[in-house]
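Notes to accompany the following structure.
The values are calculated or read from the model by the stated rules, or taken from the named source; none is laboratory data. Computed from a predicted model, the values in this text were never measured in an experiment. We place every Cβ from the backbone using ideal geometry, glycine too, and count neighbours over all the protein chains shown. Each accessible area value is taken on the protein alone, full model and side chains, heavy atoms only, with ligands, DNA and RNA left out. Shrake-Rupley method; radii C 1.70, N 1.55, O 1.52, S 1.80 Å.
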Amino acid sequence: MSMWSRFRDVMKANLHSMLERSDDPERTARQYMQQLTSDIGQVKAETAAVLAEESRSKRAWDESSGEIAKLQRYAEKSVQNGDQEGALRFLEKKAQLAPKHSELQAAHERAAAKADVMKQMQIKLTSDLDTLQTRYADIQNKLHEAQTLQQSNSNHTYSSANNALHDMQQKANQALNEAEALAEVRGGAQPEEDLDVLIARLEQQMNAQPDHTGTSDSTPQEELAAIQQQYKG
């Protein structure tokens with residue numbers, strides 16, 4: 001399964017709809033909680049690796065930015081000291097670093113977008129699990145009440161007691177579905193249109209290529225002339 005298919009499935013997951021279609025919401029909720037727990041563990045491990053890559057790419061980009069800024073300062077200082085040749089050497093070296101700097105920036109943007117995807121999946125999965133755990137506890141409490149009612153019905157026929165248990169189970173399942181419906185209204189699954197926009201944005205970022213438009217079109221000689229003009233007089 002591709003990352004985007006997986007991301008879409010996670011973000012579109014609708015707990016209420018899933019439980020409403022189930023003949024046994026209690027069992028479905030229990031099974032889905034087990035699946036969510038497994039998914040969260042896997043996503044957490046993947047997220048840790050992705051965040052490490054994001055941090056590494058950001059560090060490399062920052063170091064490149066620092067080196068370029070340092071060369072610019074050295075060039076300006078050389079002009080102030082009357083060392084035009086030295087200033088030109090610093091500017092030429094800075095120009096040589098520009099393409100690599102753009103590549104490092106694009107690499108960081110790709111890593112950051114992937115990290116965003118993984119973090120959003122983890123948040124959604126954790127939220128779903130928390131919701132299910134709460135609703136599952138509600139239904140378990142109601143089923144416990146039903147079992148207690150059955151045991152205390154010693155004066156009723158077996159059929160009457162069994163019917164009472166069935167009614168309580170139905171109420172428990174209904175309560176679970178109603179609670180899930182309310183949760184969906186308050187938070188809800190990601191709307192289809194919003195999800196498409198989000199995926200398009202993240203996919204564009206993950207396919208980021210070096211952008212050389214942000215680099216200076218000036219030659220080192222032209223930059224030197226501009227610095228000389230800046231410090232003239």
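If you take the residues in the range 104-134 that are hydroxyl-bearing (Ser, Thr, Tyr) and open to solvent by less than 60 Å² (accessible area, probe 1.4 Å), which one is nearest to Ser64 (Cα to Cα)?
Thr126
Which one is modelled with the lowest pLDDT, of the residues in the range 20-34 that are in a helix (DSSP H, G or I) and among the charged types (D, E, K, R)?
Glu20
For Arg73, indicate whether it is at pLDDT 95 or above and loosely packed, with under 15 Cβ neighbours inside 10 Å.
For Arg73, the condition - at pLDDT 95 or above and loosely packed, with under 15 Cβ neighbours inside 10 Å - is met.
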